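Each value in this text was obtained by applying a stated rule to the coordinates, not by laboratory testing. On a predicted model such as this, the values are computed, not experimentally measured, just so you know. Every residue, glycine as well, gets a Cβ built from its backbone with ideal geometry; the counts of neighbours run over all protein chains shown.
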Amino acid sequence: GKHSNGPTLGMTCAQFSKVSCKDYTLHTNYCNNCVVLKDLTVVLINNIVQIDNIIYIIGYEFLNRGDFFTEPCNSSKFHIFKVDSLSAYNSKWKFSDIKYKSIALKLNSGYVIYPLIHT
């Protein structure tokens, strides 16, 4: 639904707590706010905004991404990553830049990112 309490990066825009597409629904809450972009950037969503009929996500990106395991093959082949070092500032990306929804599971000082299908 609509709200007015998220980061907007100084833009005047409509804000939403969730957005849906054919394959998944994203929320700004912890369990449903992790995505992997087409360039493999991993983002935790803090806000969803609409500007001129274009949907954007606003959030923090993980600055370090690597394989969670390397045997018997690299986990990145299955889109499973180990990430850490969350950015200090929010950035924005087009909703159309999202490759898939994922979940971030806490692991020591970082997270393991697993892809989710049809959620």
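Please order Leu26, Leu86 by the number of other Cβ within 10 Å, starting at the fewest. Kindly include the intermediate steps, with their values, before the conclusion.
Details: Leu26 23, Leu86 17.
Taking fewest neighbouring Cβ atoms as first place, the list is Leu86, Leu26.
May I ask you to evaluate 6.51 cos²θ - 1.76 cosθ + 1.60, the Karplus curve with θ = phi - 60°, for each residue of region 34-47 and list the ³J(HN,Hα) values in order in whole Hz, giving x for glycine and proline?
10, 9, 10, 7, 4, 8, 6, 5, 9, 10, 9, 7, 9, 7
Would you pull out the residues with amide H under 5 Å of Leu63's amide H, same chain only if 5 or more places away, H placed 1.01 Å from N?
When sequence neighbours closer than 5 places are left aside, the close amide H contacts are Asp84, Leu86, Ser87.
Using the Cα centre of region 16-75 as origin and beta-carbon charges of +1 (Lys, Arg) and -1 (Asp, Glu), tell me which of Pro72, Leu37, Cys21 is placed farthest towards the positive end of the dipole.
It is Cys21, whose Cα lies furthest towards the positive end.
Going through the cross-link list Lys2/Lys92; Lys2/Lys22; Lys2/Lys94; Lys2/Lys82; Lys77/Lys101; Lys38/Lys82, which pairs have a Cα-Cα distance over 23 Å in this structure? Please report the intermediate quantities before stating the final value.
Numbers: Lys2/Lys92 18 Å; Lys2/Lys22 20 Å; Lys2/Lys94 18 Å; Lys2/Lys82 33 Å; Lys77/Lys101 16 Å; Lys38/Lys82 17 Å.
Flagged as over cut-off: Lys2/Lys82.
Treating only the Cβ of Lys, Arg, Asp and Glu as charged (+1, +1, -1, -1), what charge dipole size does the chain show about its Cα centre? Round to the nearest 20 debye. Don't skip to the end; give the middle numbers.
On the way: 12 positive and 8 negative charges, 48 e Å.
With Lys and Arg at +1 and Asp and Glu at -1, about 240 debye.
Can you pull out the trypsin sites (Lys or Arg not before Pro) in region 1-76 that DSSP calls coil and that have at most 16 other Cβ atoms within 10 Å? Walk me through the numbers on the way to the answer.
On the way: sites: Lys2, Lys18, Lys22, Lys38, Arg65; in loops: Lys22, Lys38.
Those that pass, being in a loop and sparsely packed, are Lys22, Lys38.
Tell me, what HN-Hα J-couplings in whole Hz come from the Karplus equation 6.51 cos²θ - 1.76 cosθ + 1.60 at θ = phi - 60° for each residue of region 79-88, using x for Gly and Pro?
6, 10, 10, 9, 10, 7, 6, 5, 4, 7
Hey, can you grab everything whose amide H is under 5 Å from the amide H of Tyr100? Only 5+ residues off in sequence or another chain; H modelled, so Pro and N-termini drop out.
Answer set, sorted by chain and number: Val36.
What do you get for chymotrypsin sites (Phe, Trp or Tyr not before Pro) in region 64-119 restricted to DSSP loop and a cutoff of at most 13 other Cβ within 10 Å of the site's Cβ? Present the calculation step by step, with values, prior to reporting the outcome.
Numbers: sites: Phe68, Phe69, Phe78, Phe81, Tyr89, Trp93, Phe95, Tyr100, Tyr111; in loops: Phe68, Phe69, Tyr89.
Passing sites in region 64-119 are Phe69, Tyr89.
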